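Colleague: Here you go, one structure.
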Amino acid sequence: MPNTAVTFAVLGPTEVRGSDGSPAALPPSVRALLARLALSRGRVVPVDALTDALWGDEGEDLPADAANALQIRVSKLRRALAAAGLGTDVLVTQAPGYRLAASAEAVDAHVFERLLVRAREETAAGNVTAAIGCLDEALRLWRGPALADVGQTTWATTESARLEELRLGAVEDRIELLLESGGHNEAVADIERLVARHPLRERLHRLLMLALYRGGRQAEALAAYQALRRGLADELGIDPSPELQALAEAILRQQVPSAGGPPAAPARGRAPESADRLPRRLTSVIGRQDDVTTALERLAEARVVTLTGPGGMGKTTLAFEIARRVNETPDETPVGTLLDRVLLVRLAALEPGTDVAGAFAAELGVMTQGTGAADAVEEHLRDGCTLLVVDNCEHVVDDVAVLVERLAAACPSLRVLATSREALAIPGEVQVAVGPLGDDPAVRLFAERARAVRPSFTLDAETAPVVASICRRLDGMPLAIELAAARVKALSPADIEARLADRFSLLTAGPRTGEARHRTLRATLDWSHDLLPEAERRLLRRLAVFRGGWTPAAAEEVCAFPGERGGVSRGEVLDLLFRLVDRSLVVPEPATGRFRLLVTVRDYAWTRLEEAGEVAECRDRHLAHFVRLAEEHGLGVRDPAVFARLNDDHDNFRAAVDHAVNGGDVENGFRLACALVWFWNYGIRYEGTRALTMLLDTGGGSTVARARALQGIGFLHVYYPTPRSVAAAEESLAVFEEIGDVRNAAISRLVVAWAGQYGGDAGRYRAMIERSRRDLGDADGGWWLGMSQYLEALLALRLGDFATAAVEWRRCLELTRLTGDRVIGSAILAHLAIALRESGRREEALAVLRESEDDVRGQGSLHGLAFALVHMAHTRLDLDEHDDVTALLAEARQVARRARNPRCQAWAAWGRARIARVRGKADLAAQECRDAVALLKEGEFPWARARLWSFLADCAAEAGLPDEAARARETAAALTD
């Protein structure tokens, strides 16, 4: 029975118990929160630690407004605790987080650990019965796996593993005491079950040997020792500990000491050859469950399955795990019941050109006297239902393919699981690509391997984000992650991340017993590279010039050229590219028709490009290609398909601009950047500003090119103008007027008027718009006529003439829809909705905003989406529709942050202030208003800023801040005047 004094239980499903010891109702959403607080009972747990426990420390599942989401769960937990009769004061709010005001005796995990301490004290005092009693009481507290229902965040998995380790240690302590008191016969079955679950714990092996020996089973005790010895020799090339060797010697001589130690399990196999040949796993297999399941399903359907993937991706580890599943739990796998043995052939040490059939025979222990090796292997495999694991085929893949095809045809009950960088390419073969680990498994792998070299290593608020970044930068490649984790012994995660720029010098700490090609990251990639024909090597290194992927056409244009070390012709590129895909060095993206390199492979290929002296040529060709691409498609970005096409090459555009700046080809840099202004306007405006500013700062470029860049900077800031962006637009206008460029002068004039939407001489701007309308006429399919109308409507909205603005926006919408520009169309709809809302037509405004959101979603315009979302939220608040508005604002805030759009961030903060005030949180509402004011500065219509200042005044007054309220009212009045 559970200890009735316990109130909070985490050793199993999370529970809160009433005074009678019975579990009370606990909503699933608060169990992780309660568990985190209970395990830190009496101590304050910071808000950040709680959010990590609830949603993970990598941030992918973190709600946009995590603090608010946490407050909601705290409130739910308080209600649940009150319903259980514990009162609301048991969960205390205390900076910088929350504290569970409970005694150690109220939490089962703390009771468990105290009982373990007492058991050790009783053991030291020689009180065996009392010690066993303490351990029994401690183990009865467990109702299942620790933290069984709190999710898989890093905190939960780490803490669960710690508690489970304590539990297993307690079980071992109890068994040891039982053996000392003569209970060896009753202990054997329990120890054997434990050994089966934990086959590599030496203490368990020692206990099993003792129990068997004392039960008169000397031979079995020695067999248990031999099983462990073989496993250690196969996996690590080491012997059991001196203590265990001494025990085996004592058992052999029948001179066993009176005190016992820990257990291990004999290898469980389907046949002696399976158990002896298949290596045991000394470390956990993380993040590959789906791959194991997929491969087992394919093995049930196909005779030959090949695990393919680049070096270091964990193909061998995965293959051995699959084989172990078939060998140890056949009834639980879709193919296990079809097989009666698992055999292993390892080819890593085989030199190219060696007799592969002879190597198979040697690995399988097949005698070949009087017959050919292939015939002998075929005869050996013909009888019985066998899974043959063939590991590391890539360097002898042609010969392996011939032999495996023969064996599959001759042995109807044979199934082959091969690992290779490339497929065997034989009839009936099914490939399973072994890809990178996901973010969460990658972090768990790093943490586990780091603890192996530094047991004190933990994932916390400081280290977890850094580890996640390391794993992402290493492409989720298991070998690279393990090599990086090994450096934790001497370096902090931050130091490791900082050194990843030279990852091939850093990641050199592989196990001594591992294959040479897996001891360093460079060696792994050297192995793959050296197997390539020379033409494939040339293309691979040249592909390193791309960032974020490429199309086949781009590869042909950039990589096909003669070189001092040999060339690649345009006609060869596609075939070579497909070969590199087959060899798992290039990653295809069938949905887009693009290709990419993993970052680690790209960095390796880049070093090869530098060694070949081809960097400058590749960069120049890369820049020239993307200049042509931008100039061909830059003005077509109003078509969502064209925008998506350019967006795929965003990283390439950035790399090309950087090369233009650093490589001295500034004129081509201006051509590229100016051609992309419209693309950046609909996408990431700050990226365009960065590129144009870098180019202008070089001091180079023609007068026209520099004027177009200035025009672009002004244009990219029209929604939140700065003094610099306004000055840039004015300067571009002056230059174009001076040189007589009528079209560009008209565009710059519109940019100047656009930037003046929040202030300035409205009459001047109207005159500028009208002049540009005349100069541009119906150019660009009438698009500029629509934009002139757009600016007229903006002026009406700025002046607060909302009825006129609504009419102007509808006229603008008619004009721009004729051009097919759906992105600017969504912006028009959002502004129309503002005019309708301010005219009192709120329901109509809400319908228009929904149409705007539908238009802009999926088109890549972060600014348009953020703008539609924030104004939908405010319109719903005006209609007293508060449901889900918090989530709406959270999404708007997140999108606006990604776009670095201060205007929409400000409106989101204002919306949160409105909600906080309704909830009676005047202090929070005032702070959100201050944030909105700081973000907006001068970048909003005067009537909207006046309303915001007035709202701040009301919030400050309600918060007891009369001086701030008075100042805010004065500012609001000045804006109104």
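The values are calculated or read from the model by the stated rules, or taken from the named source; none is laboratory data. Quick caveat, the model's predicted, so the values are computed rather than measured. Note that each Cβ is placed from the backbone with ideal geometry, even for glycine, and that neighbours are counted across all protein chains shown.
Colleague: Take the residues in segment 653-690 that are assigned to a loop (DSSP other than H, G, I, E, B) and buried (at least 20 other Cβ atoms within 10 Å of the Cβ); name whichever of them is farthest from the chain's Cα centre (by Cα). Working first, answer last.
Modeller: Filtering segment 653-690 for residues assigned to a loop (DSSP other than H, G, I, E, B) gives 664-665, 676, 683-684.
Then drop every residue that is not buried (at least 20 other Cβ atoms within 10 Å of the Cβ), which leaves 665, 676, 683-684.
Working: Asp665: 36, Leu676: 30, Gly683: 23, Ile684: 22 Å.
Filtering first and then ranking leaves Asp665.
Colleague: Would you list the helices (runs of 4 or more DSSP H) that sit entirely within segment 26-127 and hold 2 or more residues that are surrounded by fewer than 22 Cβ atoms within 10 Å (Cβ to Cβ)? Before you say what the answer is, go through the steps one by one.
Modeller: Working: elements: 31-39, 47-55, 66-83, 108-124.
Ranges flagged: 47-55, 66-83, 108-124.
Colleague: Still on this structure, I have one more. Only one of Ala359, Ala376, Ala401 is surrounded by fewer than 21 Cβ atoms within 10 Å (Cβ to Cβ) and among the hydrophobic types (A, V, I, L, M, F, W, C). Can you tell me which?
Modeller: Ala376
Per-residue answers, yes or no, for (1) in contact with a helix residue (DSSP H, G or I) (Cβ under 6 Å, 6 or more places away or on another chain); (2) modelled with pLDDT under 75; (3) surrounded by fewer than 13 Cβ atoms within 10 Å (Cβ to Cβ):
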position	(1), (2), (3)
Arg193	no, no, yes
Glu220	yes, no, no
Leu232	no, yes, no
Ile251	yes, no, no
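Colleague: Further, regarding this structure: Looking only at segment 748-765, filter to residues that are in a helix (DSSP H, G or I) and surrounded by fewer than 20 Cβ atoms within 10 Å (Cβ to Cβ); which one of those is modelled with the lowest pLDDT?
Modeller: We begin by selecting, within segment 748-765, every residue in a helix (DSSP H, G or I); these are 748-758, 762-765.
Now drop any that are not surrounded by fewer than 20 Cβ atoms within 10 Å (Cβ to Cβ), which leaves 762-764.
Values: Ala762: 87, Gly763: 90, Arg764: 92.
Among residues in segment 748-765 that are in a helix (DSSP H, G or I) and surrounded by fewer than 20 Cβ atoms within 10 Å (Cβ to Cβ), the one modelled with the lowest pLDDT is Ala762.
Colleague: Counting just the residues of segment 477-530 that are touching a Gly at 6+ places or on another chain (Cβ under 9 Å) and farther than 21 Å from Thr419 by Cα, which one comes out modelled with the lowest pLDDT?
Modeller: Arg512
Colleague: Test Leu81 against the stated conditions and say whether it is closer than 15 Å to Glu15 by Cα and more than 35 Å from the chain's Cα centre (by Cα). Outline the logic, then answer.
Modeller: Numbers: closer than 15 Å to Glu15 by Cα: yes; more than 35 Å from the chain's Cα centre (by Cα): yes.
Spelling it out, Leu81 is indeed closer than 15 Å to Glu15 by Cα and more than 35 Å from the chain's Cα centre (by Cα).
Colleague: Quick test of your reading of the structure: Gly358 fulfils all but one of (1) part of a helix (DSSP H, G or I); (2) touching a Leu at 6+ places or on another chain (Cβ under 9 Å); (3) within 21 Å of Val404 (Cα to Cα). Name the failing condition by number.
Modeller: Looking at each condition in turn, Gly358 falls short on (2).
Colleague: Can you go through Arg708, Arg621, Arg671, Arg638 and tell me which one is among the basic types (Lys, Arg), touching a residue at least 24 places away in the same chain (Cβ under 8 Å) and closer than 24 Å to Trp606 by Cα? Spell out how you get there, then give the answer.
Modeller: Working: Arg708 fails: closer than 24 Å to Trp606 by Cα; Arg671 fails: closer than 24 Å to Trp606 by Cα; Arg638 fails: closer than 24 Å to Trp606 by Cα.
The conditions single out Arg621.
Colleague: Still on this structure, I have one more. Say whether the condition of being within 18 Å of Val751 (Cα to Cα) and touching a Leu at 6+ places or on another chain (Cβ under 9 Å) is met by at least one residue in segment 792-813.
Modeller: Our first condition is that a residue be within 18 Å of Val751 (Cα to Cα); within segment 792-813, this holds for 792-798, 812.
Retained after the next criterion (residues that are touching a Leu at 6+ places or on another chain (Cβ under 9 Å)): 793, 812.
So far as segment 792-813 goes, yes, one or more of its residues are within 18 Å of Val751 (Cα to Cα) and touching a Leu at 6+ places or on another chain (Cβ under 9 Å).
Colleague: Counting residues that are of a type outside the set (Phe, Trp, Tyr) and in contact with a Leu (Cβ under 7 Å, 6 or more places away or on another chain), which helices (runs of 4 or more DSSP H) fully inside segment 598-648 reach at least 3?
Modeller: Values: elements: 599-612, 615-633, 640-648.
Here the list reads 599-612, 615-633.
Colleague: Now for a separate question. I'm trying to understand the selection: among the residues of segment 618-632, which are among the aliphatic types (A, V, I, L, M) and buried (at least 21 other Cβ atoms within 10 Å of the Cβ)? Working first, answer last.
Modeller: As a first pass, look at segment 618-632 and keep what is among the aliphatic types (A, V, I, L, M): 623-624, 627, 629-630.
Leu623, Val627, Leu629, Ala630 - these are the residues of segment 618-632 that are among the aliphatic types (A, V, I, L, M) and buried (at least 21 other Cβ atoms within 10 Å of the Cβ).
Colleague: Additional query: I need the full set of residues from segment 17-32 which are in contact with a Gly (Cβ under 8 Å, 6 or more places away or on another chain), modelled with pLDDT of 80 or more and closer than 16 Å to Leu86 by Cα, in order please. Before you say what the answer is, go through the steps one by one.
Modeller: Let us first name the residues in segment 17-32 that are in contact with a Gly (Cβ under 8 Å, 6 or more places away or on another chain), namely 18-19, 24, 32.
Among the residues that remain, those that are also modelled with pLDDT of 80 or more are: 24, 32.
Listed by number, the list holds a single entry, Ala24.
Colleague: For the list (1) part of a loop (DSSP other than H, G, I, E, B); (2) of a type in the set (S, T, N, Q); (3) over 43 Å from the mean Cα position of the chain (by Cα), I need the number of the one condition that Thr804 fails.
Modeller: Thr804 satisfies all of (1) part of a loop (DSSP other than H, G, I, E, B); (2) of a type in the set (S, T, N, Q); (3) over 43 Å from the mean Cα position of the chain (by Cα) except (1).
Colleague: Among the residues of segment 437-470, count how many are of a type outside the set (D, E, K, R), under 20 Å from Thr316 (Cα atoms) and part of a helix (DSSP H, G or I). Step through it out loud before you land on a result.
Modeller: Start the filter on segment 437-470 by keeping residues that are of a type outside the set (D, E, K, R), which leaves 437-438, 441-443, 445-447, 450, 452-453, 455-459, 461, 463-470.
Checking the rest, the ones that are also under 20 Å from Thr316 (Cα atoms) come to 437-438, 441-442, 445-446.
Restricting the remaining residues to those that are part of a helix (DSSP H, G or I) gives 441-442, 445-446.
Residues meeting the conditions: 4.
Colleague: Which numbered condition in (1) touching a helix residue (DSSP H, G or I) at 6+ places or on another chain (Cβ under 6 Å); (2) modelled with pLDDT under 75; (3) crowded, with 17+ Cβ neighbours inside 10 Å; (4) among the β-branched types (Val, Ile, Thr) is the only one that Val545 fails?
Modeller: All conditions are met except number (2).
Colleague: Kindly indicate whether Val416 is crowded, with 21+ Cβ neighbours inside 10 Å, at negative phi, outside the structural domain of Arg298 (by TED's automatic domain parsing) and β-branched (Val, Ile, Thr).
Modeller: Working: crowded, with 21+ Cβ neighbours inside 10 Å: yes; at negative phi: yes; outside the structural domain of Arg298 (by TED's automatic domain parsing): no; β-branched (Val, Ile, Thr): yes.
So Val416 does not fit the description; no.
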